[in-house]
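Encoded as structure tokens, the structure appears first; notes follow it.
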Amino acid sequence: SIEEQVIVEETKPQITQEKIDYHIENDNLGEGTPKEKVRRNIDAIKVLRKLEDENRLANKEEQEILANYIGWGGLPDVFDESKANWSEEYKELKELLTDDEYKSARASTLTAFYTPPVVIKAMYKALQNMGLEQANILEPSCIT
């Protein structure tokens, strides 16, 4: 209930750690084989769970791991229990995620695609080459 959530929130110790203003500088995010992408996603989920359990903010190294999370777009094999070559990752995800989180992640394989920095920079460069100097740009996939 909402009352229980409020009580739990009030009893959690407040985070007193200083926030790190993290900036992604890796232009190679999202690259790699499907197995490498899934491994980085799983590693990021593990870091997030640890941070939640310890009720603290991520340090610089943990932020690097979290920044490598690219979602599940184009990675449906990890959710297919019949794929023997994905059985380890399948089991690991089933253990890491709640049933609802797992269902949501599996459903996102068709809709949640990561756009690598190199593509984003190329798009902005193309717009600049066409004469665009300044504008508000809407990413249509952000609209729900």
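Side notes on the structure shown:
- Subset of the range 87-134 [exposed (fewer than 10 other Cβ atoms within 10 Å of the Cβ) and in a loop (DSSP other than H, G, I, E, B)]: THR98, MET130, GLY131, GLU133, GLN134
- Considering the conditions (1) surrounded by 10 or more Cβ atoms within 10 Å (Cβ to Cβ); (2) at pLDDT below 85; (3) more than 20 Å from PRO34 (Cβ to Cβ); (4) not hydroxyl-bearing (Ser, Thr, Tyr), ILE137 is excluded by exactly one of them, (1).
This table checks each residue for (1) over 20 Å from ILE24 (Cα atoms); (2) at pLDDT below 95; (3) among the small types (Gly, Ala, Ser).
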residue: LYS35; (1), (2), (3): yes, no, no
residue: VAL38; (1), (2), (3): no, no, no
residue: ASP43; (1), (2), (3): no, no, no
residue: LEU66; (1), (2), (3): no, no, no
residue: GLY73; (1), (2), (3): yes, yes, yes
residue: LYS91; (1), (2), (3): yes, no, no
residue: GLU95; (1), (2), (3): yes, no, no
residue: TYR102; (1), (2), (3): yes, no, no
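- Index of the failed condition, LYS46 passing every other in (1) under 28 Å from ILE20 (Cα atoms); (2) assigned to a helix (DSSP H, G or I); (3) open to solvent by less than 70 Å² (accessible area, probe 1.4 Å): (3)
- Here is the figure for the range 49-85: residues that are touching a residue at least 40 places away in the same chain (Cβ under 8 Å), open to solvent by less than 40 Å² (accessible area, probe 1.4 Å) and in a helix (DSSP H, G or I) total 3.
The values are calculated or read from the model by the stated rules, or taken from the named source; none is laboratory data. Note that this is a predicted model, so its numbers are computed, not measured. Glycine also receives a Cβ, built like all others from the backbone with ideal geometry; neighbour counts cover every protein chain displayed. Heavy atoms of the whole protein, side chains included, go into the accessibility calculation; ligands, DNA and RNA do not. Shrake-Rupley method; radii C 1.70, N 1.55, O 1.52, S 1.80 Å.
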